[in-house]
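Engineer: One structure coming up, written as structure tokens, with questions to follow.
The values are calculated or read from the model by the stated rules, or taken from the named source; none is laboratory data. None of the values given here were measured: they were computed from a predicted structure. Heads up, the Cβs are rebuilt from the backbone with ideal geometry, glycines too, and the neighbour counts pull from every protein chain shown. Keep in mind that these areas ignore ligands, DNA and RNA; they rest on the heavy atoms of the full protein, side chains included. Shrake-Rupley method; radii C 1.70, N 1.55, O 1.52, S 1.80 Å.
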Amino acid sequence: MPLPPPQSYSPETFRPLTFHDAVPAFREGTDTPRAYLERCLATIAELEPQVMAFASLNEEGARAAADESTARYRAGAPLSPIDGLPIGIKDLLETRDLPTEMGSAFYKGNRPGRDSALVQALRQAGAVIVGKTVTTELGMSHPGPTRHPFDLRRTPGGSSSGSAAVISARMLPAAIGTQVLGSVIRPASFNANWALKPTQGAINRGERQGFSQSTAGIHAGCAEDMWRIAVEIVTRVGGDPGAPGLYFTAEAPPPPLKPRRLAVLQTEGWAVVEPKAAAAFERALAALRAEGVAVITREDHPLLERLEQRVTGAMALATDVCAYESAWSVANMMAKNPDALSESLKARFELGCSVTLAQYRARLHQREEMRHAQAALAGEVDAFIGLPACGPAPLPGDTGGSTNRILHTTGNPIMNTASSALGCPVVTVPRMAVDGMPLGIAVTGQPHQDEKVTAIARWIAGAVPPIMV
């Protein structure tokens, strides 16, 4: 059966699902969380056969949770601002009532019967867990089945493939993703999501502590929902062990904040950015300058040039560090059932086994030098701005960034590896389109400035007009 023709995305007209603006009707009794959920489930029933964003669904459990939320609103006692919010959970994170198969044949049928820390927090806040969203194999690079809602021929990105796609398909207002190299920010850009990749450790990862660069992130249809979800999670379960968690001055989303000075962070990925993506980004920078914001590049400031030099090589650093840190766990899988693993994962395992302790330590030292270079700019600029991807969502195949048999078929993560190594917050702003496909703007800040970055991103969303090239 032939695929339907692609839809053309416009940042001016596309309206994703949002939740915060539905809450007043819940309080007034003119709408209910159950009715909101049913509208989501109707869209899922219509589009899921083609998009394939879900690894599993729990419609019965979601309806029961939505009914409980409806009763609380009628009693005037919602648990939180996200009570009744339908949300998807990336299938790397454990859920007590659904399988956790991690996009891997090795974990087919795995039912741990427990909730990850952030899933516990979401339930305590009254959120409605609708299902598990598709991830690439173990959150790495071997793709899952999910297709891009705007063009079913294209990848939605990875590894948070399903979490990003449910937003652009208007199936849900929010979903949880995770990132080690670029797995929240890149698919968010491809799918016109607002997304937060927080400061390293700012949101409790629960059982997923194995990677030193891994973070839990939020995909949403708007900045307000994105921020409230993060706050409600951290209020209940904090950040990673030993981390202070997300800092915030108020539970409400921070108001838009006009930056005084922004630094363009090109990274080593700039050399492979698609020309139309670069042109769209330059138009965004021109709009910011027209609003009176000083925008500097590496040629304008020696400390920014130093940072650019330090983050060159972030892709190789991330590849080595992640391979080394995962080698012991993949070794157990190789010993038990190697046939259940992709060739890309086996190649990553071989790389991890070849990285010595001395080489790993050198990579960690390199990462610390990157972070010191970023910290040196703390008083010089309010935030960094850049592209979250080399271009719009690509067609299947080698998208660049592949190394030998380690493939990146869900999009080259090279534009994200610097901020992942820096451990700093990034927010994507959906304001651009290239050839009718979404492309975001990445706003990056110093560690623990998640709230400030979100405020600046909200201002940029209002200051930059919709850009289509």
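Engineer: Being touching a residue at least 12 places away in the same chain (Cβ under 8 Å) and not in a helix (DSSP H, G or I) is the filter; apply it to the range 16-49 and report the residue that is most open to solvent (accessible area, probe 1.4 Å).
Structural biologist: Among those residues, the one meeting the criterion is Gly29.
Engineer: Can you tell me which residues in the range 68-85 are outside any loop (DSSP other than H, G, I, E, B), open to solvent by 30 Å² or more (accessible area, probe 1.4 Å) and under 24 Å from Leu98 (Cα atoms)?
Structural biologist: Hit for the range 68-85 is Glu68, nothing else.
Okay, residues lined up against (1) within 11 Å of the chain's Cα centre (by Cα); (2) part of a loop (DSSP other than H, G, I, E, B):
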residue: Leu181; (1), (2): yes, yes
residue: Gln209; (1), (2): no, yes
residue: Ser212; (1), (2): no, yes
residue: Ala216; (1), (2): yes, no
residue: Trp227; (1), (2): no, no
residue: Thr249; (1), (2): no, yes
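Engineer: For the range 89-105, give me each residue that is buried (at least 22 other Cβ atoms within 10 Å of the Cβ) and outside any loop (DSSP other than H, G, I, E, B).
Structural biologist: Within the range 89-105, Ile89, Lys90 qualify.
To keep it simple, each residue is scored yes or no on (1) more than 26 Å from Ala418 (Cα to Cα); (2) open to solvent by 10 Å² or more (accessible area, probe 1.4 Å); (3) among the β-branched types (Val, Ile, Thr); (4) out of contact with any strand residue (DSSP E or B) (no Cβ under 9 Å at 6 or more places or on another chain).
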residue	(1), (2), (3), (4)
Thr199	no, no, yes, no
Ala202	no, no, no, no
Arg208	no, yes, no, no
Ala216	no, no, no, no
Pro241	no, yes, no, yes
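Engineer: Quick one: which of Pro2, Pro6 is modelled with pLDDT under 95, in contact with a strand residue (DSSP E or B) (Cβ under 7 Å, 6 or more places away or on another chain) and at negative phi?
Structural biologist: Pro6
Engineer: When you check Ala358 against the structure, is it at pLDDT below 95, over 28 Å from Glu380 (Cβ atoms) and open to solvent by less than 80 Å² (accessible area, probe 1.4 Å), yes or no?
Structural biologist: Details: at pLDDT below 95: no; over 28 Å from Glu380 (Cβ atoms): yes; open to solvent by less than 80 Å² (accessible area, probe 1.4 Å): yes.
No: the conditions fail for Ala358.
Engineer: Regarding the range 60-67, can at least one residue be identified that is open to solvent by less than 10 Å² (accessible area, probe 1.4 Å), closer than 28 Å to Pro338 by Cα and assigned by the TED database to the domain that holds Ala165?
Structural biologist: Looking through the range 60-67, none of the residues is open to solvent by less than 10 Å² (accessible area, probe 1.4 Å), closer than 28 Å to Pro338 by Cα and assigned by the TED database to the domain that holds Ala165.
Engineer: Another question about this same structure. Please report, ordered by residue number, the helices (runs of 4 or more DSSP H) entirely within the range 348-463 with at least 3 residues that are charged (D, E, K, R).
Structural biologist: Qualifying helices (runs of 4 or more DSSP H): 357-375, 450-463.
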